[in-house]
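The values are calculated or read from the model by the stated rules, or taken from the named source; none is laboratory data. Predicted, not measured: the structure shown is a model, and the values here were computed from it. When we count neighbours, we look across all protein chains shown, and the Cβ atoms used for this are built from the backbone with ideal geometry, even at glycine.
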Amino acid sequence: MSPQQYDAIVVGSGAGGAAAAYKLALGGLRVVVLEKGDHLPTDGSTLDIRRVVHQGEFLSREPWLDGHGRRIVPEEHFNVGGKTKWYGAALLRFAESEFAPDAAHGCRGWPLALGELAPYYEEAERLLGVRFIDNEPDLARILAHLQRQSSGWQAQSMPMGLAADIAAHGTEASHFDGFASAADLKGEAERSLLSQLRSRPNFTLLVNAEVAALLGSADGPTMVTGVRLTDGRSFTAPCVFLAAGALHSPRLLSGYLRHTGLDGTLPAAMHVGRNLKLHLLTAMISLSLGVKTDLIRKTTLLTNERFPHSSVQPLGFDDELIATLMPRALPLTARRLISRRAYGFFLQTEDGSDPRNRVQQESISGSLPILDYDERRLLPAAREHRDFTRALQGSLVRAGMVSFTRRIGLSGTAHACGSLVCGQSAADSVVDGTGRVHGMQGLYVVDGSILPRSSRVNPSLTIYAWGLRAGQLAARQFQDQRATVRQETHYAA
């Protein structure tokens with residue numbers, strides 16, 4: 001079977017992959033996006049708590065091992081649009097300080113400054129329809145209690161990728177956080193980017209197209225020229241963009257390096273899969289006497305200058321969803337009664353980079369990949385997250401709310417990043433400031449695995465911005481090379 005030829009191959013259709021494909025296609029390249037999963041249904045099933053939460057119908061079933069050899073199943077989604085269909089509605093920029101190294105917290109610096117990414121932040125916000133939504137009455141009262149305490153809590157409006165009229169759609173409004181919209185009311189990779197390319201003759205999206213391996217050039221393995229799918233089909237292109245996510249892109253690259261022997265000669269190879277970051281995450285449920293009637297809820301970001309690497313955002317969960325977070329020892333009727341008087345919060349703390357926290361392609365037995373991550377390797381982050389959680393609990397108690405918490409464990413990989421980290425040099429990173437893998441030609445990375453820092457907020461907008469920038473730079477380079485070839489051909493003639 002002859003390989004199908006394109007100008008650019010994008011492996012994955014999430015935030016980074018869709019953003020890169022958007023710029024590449026607009027730049028005139030013939031682009032194919034290969035998505036491991038399929039389109040999500042639009043029949044309302046992606047809003048059904050039973051099917052989404054209790055049965056996990058739309059989650060990956062792919063088994064892994066943790067660093068101790070125990071079997072786990074990371075909460076990954078394989079579908080067009082990736083995780084952005086399910087999450088991604090909170091679209092925040094990283095702060096300028098979060099592009100600089102912070103050695104005390106174990107944080108690396110970026111190979112570029114905020115100013116270089118700022119135009120792409122702006123473009124991503126426009127494409128995704130980012131807007132601010134007013135706080136609803138229950139949340140406004142909670143914030144007023146917190147800020148009257150002089151305890152350092154600062155609230156700012158949350159930039160959200162939600163339709164302006166989402167409040168008029170009750171089920172969608174109360175189930176956008178962790179659910180996929182059936183009515184296209186969220187800004188996400190498929191709706192906001194890929195759908196704009198569908199009518200273009202130079203764009204192709206293939207579903208159920210799982211990439212098994214990268215393919216190299218006959219001129220040398222440092223030049224990647226295509227991919228092979230698990231079904232045997234192959235595709236070739238001068239540019240290949242990995243966008244399969246921080247758990248999966250490293251495995252594709254690692255497998256290629258090992259197969260070609262580059263794992264022992266390419267300087268960047270020793271960093272592949274390392275420096276994995278997940279954020280330290282806690283769900284907090286806070287109870288008071290009054291029944292809570294807010295619909296959207298997730299409209300504010302809370303920070304505290306005493307905890308510079310941490311933030312809080314309300315969970316966009318209604319009472320039925322909050323009940324799923326309560327102790328199972330409570331009878332269902334009691335959980336439902338209590339949850340009507342509860343508000344949910346999502347606490348996250350930036351973790352540093354530790355090379356021991358890593359993704360490995362497979363275990364020694366060759367059967368399962370390994371997700372080796374231990375927050376005890378990141379003591380500054382662990383201490384801040386513990387103290388941050390206690391501080392919020394204490395402030396909420398003084399506001400008349402009693403809280404209990406649930407840590408998000410290793411399988412919660414919504415914010416996974418850093419496993420193909422970008423940097424100035426192959427001596428300590430995998431990818432350069434343009435997205436190209438150090439020491440290789442034709443291979444780029446445009447998903448969250450490039451992030452040298454995870455910041456204290458959700459990473460999705462930064463991944464979109466990186467993908468837009470990398471795609472545009474690559475498109476310009478490709479067109480320049482094409483123009484040079486045409487010119488040389490003209491002179492030769």
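Search the stretch 147-166 for residues being surrounded by 15 or more Cβ atoms within 10 Å (Cβ to Cβ) and among the small types (Gly, Ala, Ser), and hand back the single one that is modelled with the lowest pLDDT. Step by step, filter the stretch 147-166, then rank; the result is SER151. Across the stretch 471-493, the number of residues qualifying as of a type in the set (Lys, Arg) and either touching a strand residue (DSSP E or B) at 6+ places or on another chain (Cβ under 8 Å) or at pLDDT 80 or above (or both) comes to 1.
Give the residues of the stretch 320-358 that are of a type in the set (D, E, K, R), at pLDDT 90 or above and closer than 18 Å to PHE404 by Cα, sorted by residue number. Let's see the steps before the verdict.
Initial filter on the stretch 320-358 (of a type in the set (D, E, K, R)): 320, 328, 335-336, 340-341, 350-351, 354, 356, 358.
From what's left, at pLDDT 90 or above: 340-341, 350-351, 354, 356, 358.
Result: ARG340, ARG341.
Against the list (1) at pLDDT below 95; (2) touching a Ser or Thr at 6+ places or on another chain (Cβ under 9 Å), the condition GLY394 fails is (1).
If only residues of the stretch 211-233 that are at negative phi and assigned to a loop (DSSP other than H, G, I, E, B) are counted, the one that is surrounded by the fewest Cβ atoms within 10 Å (Cβ to Cβ) is ALA218.
Against the test of being surrounded by fewer than 21 Cβ atoms within 10 Å (Cβ to Cβ) and in a strand (DSSP E or B), the options ARG406, ARG376, ARG390, ARG383 yield a single qualifying residue, ARG406. The set of residues in the stretch 133-146 being outside any helix (DSSP H, G or I) and either touching a His at 6+ places or on another chain (Cβ under 8 Å) or surrounded by fewer than 16 Cβ atoms within 10 Å (Cβ to Cβ) (or both) consists of ASP134 alone. Summed over the stretch 167-210, residues that are touching a Leu at 6+ places or on another chain (Cβ under 7 Å), part of a helix (DSSP H, G or I), surrounded by fewer than 21 Cβ atoms within 10 Å (Cβ to Cβ) and not small (Gly, Ala, Ser) total 1.
Against the numbered list (1) within 20 Å of the chain's Cα centre (by Cα); (2) surrounded by fewer than 16 Cβ atoms within 10 Å (Cβ to Cβ), THR84 comes up short only at (2). Number of residues in the stretch 234-266 that are polar (S, T, N, Q), in a helix (DSSP H, G or I) and farther than 25 Å from ILE463 by Cα equals 1.
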